Amino acid sequence: MFNINEIRKNFPVTKNLIYLDHAAVSPLHNGSKIVLEAYTEHFLNQGIRNYDYWYEKTEQIRENFAKFIKADKLEIAFIKSTSAGLSMLANGINFQEGENVIIPDIEFPSNIYPWLNLQRKGVNVKFLKCEQGILDLNKLESLIDEKTRVVSVSWVQFTNGYKVDLAKISKICRNKSNQYEKKIYFCVDAIQGLGALELDISKFNIDFLAADGHKWFLAAEGAGFLYCNKNILDDIQPATVGWKSVINPLDFTNIHFDLEKSAKKFEEGSMNLAGILTLGASLELFNKYGINNIENRILNLSKYAFKLLQEKNIELITKNEDFCRSGIISFKTKNINADYEKLLKLNVQFSKRGESLRISPHFYNTKQEIEYFVDNL
Ligand SMILES: Cc1ncc(COP(=O)(O)O)c(C=O)c1O
């Protein structure tokens with residue numbers, strides 16, 4: 001289906017490394033190089049002149065991303081990190097003392113600290129206990145009570161690659177909202193899925209989602225996307241505001257505080273234009289090959305890695321089931337430090353996370369690279 005040699009030409013990193021670390025920070029591709037060169041060339045020689053051109057580019061990228069996840073353009077904002085995006089929701093809800101937020105106990109700190117930060121306002125954080133890294137949705141359902149305002153989960157867990165069923169969680173939140181006659185927000189940290197897995201957000205009721213571009217999205221660090229469902233846009237106050245938060249932001253001398261109606265109200269000031277351009281370059285790449293094809297290839301590669309590791313009697317931490325499969329495979333070897341150091345020296349890029357090793361291949365990786373990796377463990 002893919003001409004893999006042609007695709008790999010777009011990833012110069014393949015000449016230097018076997019890159020199996022997209023769950024950490026991804027390498028850039030040639031599409032990003034092209035847009036960054038154009039950006040540098042312009043700002044070296046022209047500065048702010050013809051700025052409309054760049055403004056329109058960012059608006060096009062916003063629209064392209066909205067199409068990519070089947071959302072509305074007005075639901076999309078650019079953010080500087082996943083942590084910043086999740087904090088926008090945490091600080092934008094008008095919490096009452098005694099209310100609570102539910103998060104799994106295996107989340108990355110980006111989806112823990114913004115909620116713990118609310119304890120000073122009397123908000124309780126309830127942890128969903130995850131046995132063997134698995135989210136039990138019955139347990140989640142029973143944790144929700146009349147004081148729950150938010151359920152916030154990672155689409156894919158960073159330690160073990162466990163992919164949650166977004167449709168089921170969204171249904172639980174909706175049913176509980178109806179039961180308690182009170183909106184329970186469903187928030188998703190999408191950074192370990194976006195760019196690797198297809199997302200049709202119109203299919204279920206996610207209220208808020210955030211992801212930076214530097215992992216599976218193959219873009220630069222410091223630029224990402226936030227999705228805020230249009231049904232809740234009016235409820236969520238921007239916690240940080242600035243000249244860009246209001247309607248007609250360029251009318252600097254006309255001071256008023258009529259907040260922008262769309263998710264742009266979360267973009268308080270000047271943005272990371274260079275980073276946003278790389279997000280645009282990745283969207284073009286994903287659209288060229290089709291995100292469903294990219295997803296299939298990643299899942300086949302991770303399934304293959306699982307099989308090879310299993311054949312070598314390596315202890316796997318990742319669950320080997322299609323329903324929760326993602327691009328991440330984690331495992332333990334007898335001598336983790338030695339294996340890690342050895343493979344780094346063999347020009348393989350991957351991660352050690354606590355007491356386990358983690359690989360995360362993208363669609364331009366090959367089965368041969370996976371074989372090389374496992375052979376050398
Ligand atoms: C699940 C998850 N969320 C958030 C982050 C960090 O995101 P950011 O640096 O964009 O805040 C990571 C990074 O490792 C992650 O794995």
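Every number here is computed from the coordinates shown, using simple stated rules; none is lab data. Because the structure is a prediction, the values reported are computed rather than measured. Cβ coordinates were reconstructed from backbone atoms using ideal geometry, including for glycine residues, and neighbour counts include every protein chain displayed.
Around G193, under 10 Å between beta carbons, what's the net of Lys plus Arg minus Asp minus Glu among the other residues?
Net local charge, G193 excluded: -1.
Helices in the chain, meaning DSSP H runs of at least 4 residues, each add -39500 (n - 2.57). Divided by all residues, the mean residue ellipticity at 222 nm is -11000 deg cm²/dmol. For L128, the residues 5 or more places off, or on other chains, whose built amide H falls under 5 Å of its own are I103, D105. Name the long-range amide H neighbours of T148: under 5 Å, sequence gap of 5 or more, or other chain; modelled H, no Pro or chain starts. The list, which skips near neighbours in sequence, is N100.
Backbone geometry of the range 39-50 corresponds, through the Karplus equation with coefficients 6.51, -1.76 and 1.60 at θ = phi - 60°, to 3J(HN,Hα) couplings of 4, 4, 4, 5, 6, 5, 9, 10, x, 6, 4, 6 Hz, x marking Gly and Pro. For D207, the shell of other residues with beta-carbons less than 12 Å away shows a net charge of +2, using +1 for Lys and Arg and -1 for Asp and Glu. The listed peptides 296-305, 231-240, ordered by packing as a protection proxy, come out as 296-305, 231-240 (highest mean of other Cβ atoms within 10 Å first). Gain on full extension, evaluated as 0.36 nm per residue between N178 and K126 minus their Cα-Cα distance, stands at 16.7 nm. Think of each Lys and Arg Cβ as +1 and each Asp and Glu Cβ as -1; about the Cα centre, that makes the dipole of the chain roughly 620 debye. Remark: spin-label model distance S202-E371 equals 4.3 nm, labels positioned 7 Å along the Cα→Cβ axis. Karplus-derived 3J(HN,Hα) values for the range 112-126, using 6.51 cos²θ - 1.76 cosθ + 1.60 with θ = phi - 60°, are 10, 4, x, 7, 4, 4, 8, 4, 5, 9, x, 8, 9, 9, 9 Hz; glycine and proline are entered as x. The stretch between L346 and N287, if pulled fully straight at 0.36 nm per residue, gains 17.9 nm over its current Cα-Cα span. A straight chain from R353 to F2 at 0.36 nm per residue would run longer than the Cα-Cα distance by 123.2 nm. Couplings for the range 230-242, taken from phi via the Karplus curve 6.51 cos²θ - 1.76 cosθ + 1.60 with θ = phi - 60°, read 4, 5, 10, 3, 6, 7, 9, 7, x, 6, 10, 10, x Hz in order; Gly and Pro are left as x. Backbone amide hydrogens, once placed in the peptide plane, bring V348 within less than 5 Å of I18, excluding anything fewer than 5 places away on its chain. In this rough spin-label picture, where each label sits 7 Å from Cα along the Cβ direction, the S142-K168 distance is 1.5 nm. A protection proxy built from the mean count of other Cβ atoms within 10 Å ranks the segments 361-374, 96-109, most packed first, as 361-374, 96-109.
Shape call for the range 66-210 from the C-alpha gyration tensor, a ≥ b ≥ c root eigenvalues: rounded (a/c under 1.5), prolate (a/b greater than b/c) or oblate? It comes out rounded by the Cα gyration axes.
Label-to-label distance for E56 and A239 is 3.7 nm, based on points extended 7 Å past Cα in the beta-carbon direction. For the chain, the gyration tensor built on C-alpha atoms gives an oblate shape. Its axis ratio a/c (a ≥ b ≥ c) is at least 1.5, and a/b is not larger than b/c.
Peptides 65-77, 334-346: what's the order by average Cβ count within 10 Å, highest mean first?
65-77, 334-346
Taking the charge dipole of the chain about its Cα centre, with +1 at Lys and Arg Cβ atoms and -1 at Asp and Glu Cβ atoms, the residue from F252, L308, A38 reaching farthest to the positive side is L308. Let a ≥ b ≥ c be the square roots of the eigenvalues of the Cα gyration tensor of the range 172-296; is it rounded (a/c under 1.5), or, if not, prolate (a/b larger than b/c) or oblate? The shape class here is oblate. What's the FRET efficiency of N254 with D72 using the Cβ-Cβ distance as r and R₀ = 45 Å, to the nearest 0.05? Here the calculated transfer efficiency is 0.95. Taking Lys and Arg as +1 and Asp and Glu as -1, the other residues whose beta-carbon sits under 9 Å from that of L128 total +1. Diffusion of the range 59-107 by Stokes-Einstein, at 20 °C in a medium of 1.002 mPa s and with Rh set to the Kirkwood radius over alpha-carbon pairs, works out to 162 µm²/s.
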